[in-house]
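A.B. asks: Would you mind keeping the following structure in view while I ask a few things?
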Amino acid sequence: IAAARPDALLYAAVPYYGRPGEQPPAFALVHELRRRLGSDVLILGPDAWVEGPAVFAELGDDARGIHVSYQGMPVQRLGAAGQRFVEQFGATQPGGVVTAEAVYAAQATEVLLDAIASSDGSRSSVTEELLATDVEDGLTGAISFDADGDVRPRPMQIVRLSPNAVGLEPDAGNLAALISP
């Protein structure tokens with residue numbers, strides 16, 4: 001890897017696995033990459049890396065500049081319907097905290113219940129209604145499905161790891177990018 005002098009490295013695996021009593025190979029690799037290539041090489045990982053405090057505890061300063069992908073639209077970027085839901089549902093939650101996962105679960109429930117209500121009750125009819133879903137201003141924004149049943153659009157957050165936050169910081173200060181592949 002060092003001989004190739006990459007601009008970035010994608011480590012697409014869970015970082016915490018390894019032999020008991022030894023540093024996990026992912027962290028050993030990051031230490032070695034930082035030693036050989038310096039702190040400027042961008043390291044990317046999947047959401048398995050999103051535990052910022054744990055990664056910083058293992059890597060120290062070598063964790064700086066690690067970015068992770070995280071599915072979905074962050075709560076801070078939701079449209080009007082999503083923000084209303086967060087405000088109303090937050091009033092029922094300890095500390096008023098509503099995660100993006102809660103918003104997505106609520107939206108999925110609405111979509112499924114609408115599909116069931118529009119169907120003839122058969123599994124195939126519910127599936128047809130789900131695939132025909134076309135929400136313009138839902139809790140998570142516009143929603144439709146492709147022929148394979150994959151939701152469109154598929155926003156993805158690119159989050160800079162923080163020593164103080166798991167995932168996205170409440171003020172979205174570590175959101176590096178929001179993309180929709």
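A.B. asks: Under a point spin-label approximation (7 Å from Cα along Cα-to-Cβ), what is the Thr127-Thr109 distance to one decimal in nm?
C.D. replies: 2.6 nm
A.B. asks: Given that just one value was derived from the coordinates, which of (i) 0.98; (ii) 1.26; (iii) 1.10 is Cα Rg over 2.2 N^0.38 Å?
C.D. replies: Read-out from the structure maps to (ii).
A.B. asks: Going by alpha carbons, how many degrees (0 to 90, nearest 10) lie between the helix axis of 80-90 and the longest principal axis of the chain?
C.D. replies: Long axis of 80-90 versus the principal axis of the chain: about 80 degrees.
A.B. asks: If you don't mind, there's one more thing I want to ask. Taking the Cα-to-Cβ direction at Ala57 and at Gln83 and moving 7 Å from each Cα, how far apart do the two end points lie in nm?
C.D. replies: Going by the 7 Å Cα→Cβ label model, 3.6 nm.
A.B. asks: While we're looking at this one, here's another question. Would you mind computing, in nm to one decimal, how far apart the modelled labels at Gln76 and Ala176 are, each placed 7 Å from Cα along Cα→Cβ?
C.D. replies: 1.6 nm
A.B. asks: I've got another one for you. What is the dipole size for the chain, taken about its Cα centre, with +1 at each Lys and Arg Cβ and -1 at each Asp and Glu Cβ, in debye to the nearest 20?
C.D. replies: Values: 12 positive and 24 negative charges, 165 e Å.
Its charge dipole is roughly 800 debye.
A.B. asks: To continue, here is another question. Subtract the Cα-Cα distance of Asp137 and Glu22 from 0.36 nm times their separation in residues, and report this length gain in nm to one decimal.
C.D. replies: Values: separation 115, 0.36 × 115 = 41.40 nm, distance 4.94 nm.
Between Asp137 and Glu22, full extension yields 36.5 nm more.
A.B. asks: Something else: I need the shape label for the stretch 46-100. Rule: rounded when a/c is under 1.5, else prolate if a/b > b/c, else oblate, with a, b, c from the alpha carbon gyration tensor.
C.D. replies: On the way: a/c = 3.82, a/b = 2.17, b/c = 1.76.
Taking the square roots of the gyration eigenvalues as a ≥ b ≥ c, the stretch 46-100 is prolate.
A.B. asks: Would you give the gap between the C-alpha center of the stretch 83-107 and the C-alpha center of the stretch 2-44, rounded to a whole Å?
C.D. replies: 36 Å
A.B. asks: Here is a further query. Name the long-range amide H neighbours of Leu10: under 5 Å, sequence gap of 5 or more, or other chain; modelled H, no Pro or chain starts.
C.D. replies: Those qualifying (amide H under 5 Å, at least 5 residues apart or on another chain) are Leu44.
Coordinate-derived values only; no laboratory data. All of these numbers come straight from a predicted model, not from anything done at the bench. Neighbour counts run over all protein chains shown; Cβ positions are idealised from the backbone, glycine included.
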